[in-house]
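I have placed the structure first, in the form of structure tokens, so that the comments after it can refer back to it.
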Amino acid sequence: MEKLTELSGDLAGLLWGSPITLIVLLGVGFYLTLRLELVQFKGFRHSIHLIQGKYTRADETGEVSHFQALSTALSATVGTGNIAGVATAIAIGGPGALFWMWVTAFFGMATKFAECTLALKFREISPDGKVAGGPMYTLLHGLKMKRTAMLFAFFALIASFGIGNMVQANSVVDGLSYLWPEVKTYRWEFGLIMAILVALVILGGVKRIAKVASTIVPFMAVLYIAAAFIVLLSNIDKIPNAFFIVFNYALNPWAVGGAAIGEAIRMGVARGLFSNEAGLGSSPMAHAAAKTNEPVREGLVAMMEPFIDTIIICTMTGLVIIVTGAYAQHPDDAVGASLTAFAFSQALGDGGAMVVGIGLSLFAFSTIIAWSYYGDRSAQFLFGEQSVVIYRIVFAILVAVGAGVPLNLVWNIADSMNILMALPNLLCLVLLTGLVVKLKKEYFQKDHQPVNHESA
């Protein structure tokens, strides 16, 4: 196991340590931001109205509402990356890593818009109304690149067992063990309980997943943000200095050294992408199921994911870690989720750590069920509909396995799969940017009138 952890760490370091990787990830988002004329600003207000259902007609094609599609996608992105990922980024890359998470999120909003607009444009709808969409269908129908489409689906299938499964189960145990150390003794038992609960949800397909996600996501987000807000309010005098620390560690090589800034960039981009998944191509699979005949509408809805996930939730986690001083002084064994729990407990006592533990459990559970959908769409694309049930059973079993394996091994696998998924998807986005620009211009040239649901 140690050898496997070492090898996976070398691979993740090779993929994420290359400047080319960072240039490609941020470069595509920057390119799309320019080509789409800062859609992050122009479409922001309209996207909120879409999420509220103001423009949705009852006769539109799809399986779930805009809000349910966003909740499903957010349940995959708002996960351990917001608790364990931010803490890991700051612990290794310093407070400056938070700045680079913001940069990734801002450009990621344009990336999400593009990839989810294309997912709606090229999705497949079966005679019984079931929807299948995502980068593999965009590559297949939009670019006629079947082999590349299969490659993406394969990477997504493997990634679903890492980023969307074992990482989540492992981090739950990590967070809860900070509250109750004896939890480590029962890692496999906790994993088994999670596996059973996951199976009960995912065997019901996307409609049940969306229903559960649209219930859990708002609740867990409000709970966590409220606790973070209380901590920040009680340390309000330290917030300006916290922002100074973030910018100083991110941009001032004379203060912290060039190597430290390089590590901040690497960890910030890596954890930012892990958290909001912009460019990975995962979220388009959830958004493809939305009830709409206008691809751009779902692109605008999807654009809000990086904003909610990273600009809001990750920022609050990072600021709590900084204002409480936990980033500089913490127990040696407080890493990942337990570092965040330590930071909250500094301000709120045992109750703060409890919020993190409960929040982490809900975040992880919702992420697992959402990623199961991404994985089964990939399995269906590669092997046909008959493979989906088998996939779901294997997926549930691996939840229990993930709770018992070493944390470093799981994170290394997740980091590697992130990049391998992103590459075919980013290629697709660059080649079809012109189409996305055309669809966006045509959409905003129309006169969109809100639907009066009361009279409908």
Q: Output the residue which, of all residues in the range 20-59 that are buried (at least 16 other Cβ atoms within 10 Å of the Cβ) and among the polar types (S, T, N, Q), is farthest from L420 (Cα to Cα).
A: T56
Q: Considering only the range 286-310, state which residues are closer than 15 Å to V131 by Cβ and polar (S, T, N, Q).
A: T292, N293
Q: Just name the residue that is modelled with the lowest pLDDT out of those in the range 115-134 that are among the β-branched types (V, I, T) and assigned to a strand (DSSP E or B).
A: V131
Q. If we scan the range 116-130, do we find a residue that is buried (at least 24 other Cβ atoms within 10 Å of the Cβ) and under 29 Å from T317 (Cα atoms)?
A. yes
Q | Entirely in the range 295-353, the helices (runs of 4 or more DSSP H) that have 2 or more residues that are closer than 18 Å to L233 by Cβ | A | 315-323, 337-348
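Please work out if S366 is closer than 21 Å to A210 by Cα, touching a residue at least 60 places away in the same chain (Cβ under 8 Å) and either crowded, with 21+ Cβ neighbours inside 10 Å or in contact with a Leu (Cβ under 7 Å, 6 or more places away or on another chain) (or both).
Numbers: closer than 21 Å to A210 by Cα: yes; touching a residue at least 60 places away in the same chain (Cβ under 8 Å): yes; either crowded, with 21+ Cβ neighbours inside 10 Å or in contact with a Leu (Cβ under 7 Å, 6 or more places away or on another chain) (or both): yes.
For S366, the condition - closer than 21 Å to A210 by Cα, touching a residue at least 60 places away in the same chain (Cβ under 8 Å) and either crowded, with 21+ Cβ neighbours inside 10 Å or in contact with a Leu (Cβ under 7 Å, 6 or more places away or on another chain) (or both) - is met.
Residues are listed down the side, and each one gets a yes or a no for (1) outside any helix (DSSP H, G or I); (2) within 19 Å of the chain's Cα centre (by Cα); (3) buried (at least 17 other Cβ atoms within 10 Å of the Cβ):
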residue: R187; (1), (2), (3): no, no, yes
residue: A195; (1), (2), (3): no, no, yes
residue: P218; (1), (2), (3): no, yes, no
residue: A221; (1), (2), (3): no, yes, yes
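Got at least one residue in the range 433-450 being aliphatic (A, V, I, L, M), at pLDDT 85 or above and either more than 30 Å from V39 (Cα to Cα) or in a loop (DSSP other than H, G, I, E, B) (or both)?
Going through the range 433-450, the residues aliphatic (A, V, I, L, M) turn out to be 435-437, 439.
Next, from what is left, pick out any that are at pLDDT 85 or above: 435-437, 439.
Now narrow it down to the ones that are either more than 30 Å from V39 (Cα to Cα) or in a loop (DSSP other than H, G, I, E, B) (or both): none.
So far as the range 433-450 goes, no, none of its residues is aliphatic (A, V, I, L, M), at pLDDT 85 or above and either more than 30 Å from V39 (Cα to Cα) or in a loop (DSSP other than H, G, I, E, B) (or both).
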Q) How many of the residues making up the range 276-291 are in a helix (DSSP H, G or I) and under 19 Å from L32 (Cβ atoms)? A) 4
Q) Would the range 67-86 turn up any residue that is touching a strand residue (DSSP E or B) at 6+ places or on another chain (Cβ under 8 Å), touching a residue at least 40 places away in the same chain (Cβ under 8 Å) and assigned to a loop (DSSP other than H, G, I, E, B)? A) no
**Q.** Residue match in the range 171-178 (condition: more than 21 Å from the chain's Cα centre (by Cα), of a type in the set (A, V, I, L, M, F, W, C) and crowded, with 17+ Cβ neighbours inside 10 Å)
**A.** yes
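Filter the range 17-58 down to residues that are of a type outside the set (A, V, I, L, M) and either within 19 Å of the chain's Cα centre (by Cα) or in a helix (DSSP H, G or I) (or both), then give me how many there are.
To start, the set of residues in the range 17-58 that are of a type outside the set (A, V, I, L, M) comprises 17-19, 21, 27, 29-31, 33, 35, 37, 40-47, 49, 52-57.
When the remaining residues are screened for being either within 19 Å of the chain's Cα centre (by Cα) or in a helix (DSSP H, G or I) (or both), the result is 17, 19, 21, 27, 29-31, 33, 35, 40-42, 44-47, 49.
Matching residues across the range 17-58 total 17.
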(Q) Among the residues in the range 390-409, are any at pLDDT 80 or above, closer than 20 Å to S275 by Cβ and either in a helix (DSSP H, G or I) or among the aromatic types (F, W, Y) (or both)? (A) yes
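Test L435 against the criterion of being over 22 Å from the mean Cα position of the chain (by Cα) and surrounded by fewer than 18 Cβ atoms within 10 Å (Cβ to Cβ), and give yes or no. Spell out the reasoning first.
Working: over 22 Å from the mean Cα position of the chain (by Cα): yes; surrounded by fewer than 18 Cβ atoms within 10 Å (Cβ to Cβ): yes.
Judged against the criteria, L435 is a match.
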Q: Could you list, in sequence order, all residues of the range 242-260 that are at pLDDT below 80 and assigned to a helix (DSSP H, G or I)?
A: P253, W254, A255, V256, G258, A259, A260
**Q.** Residues (among the charged types (D, E, K, R) and in contact with a strand residue (DSSP E or B) (Cβ under 9 Å, 6 or more places away or on another chain)) located in the range 281-303
**A.** K291, R297, E298
Q. Do any residues in the range 28-40 that are under 12 Å from L429 (Cβ atoms) have Cβ atoms under 8 Å from those of residues that are in a loop (DSSP other than H, G, I, E, B), where the two are at least six apart or on different chains, and which pairs are they?
A. V28/G279; G29/A278; G29/G279
Q) Take the residues of the range 299-342 that are touching a His at 6+ places or on another chain (Cβ under 8 Å) and under 24 Å from G96 (Cβ atoms): which is surrounded by the most Cβ atoms within 10 Å (Cβ to Cβ)? A) L339
Q | Count - residues of the range 142-154 that are buried (at least 17 other Cβ atoms within 10 Å of the Cβ) and over 17 Å from I419 (Cα atoms) | A | 2
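The values are calculated or read from the model by the stated rules, or taken from the named source; none is laboratory data. What you see is a predicted model, and the numbers here were worked out from it, not measured in a lab. Positions of Cβ are generated from backbone atoms using ideal geometry, with glycine treated the same way; all protein chains shown enter the neighbour counts.
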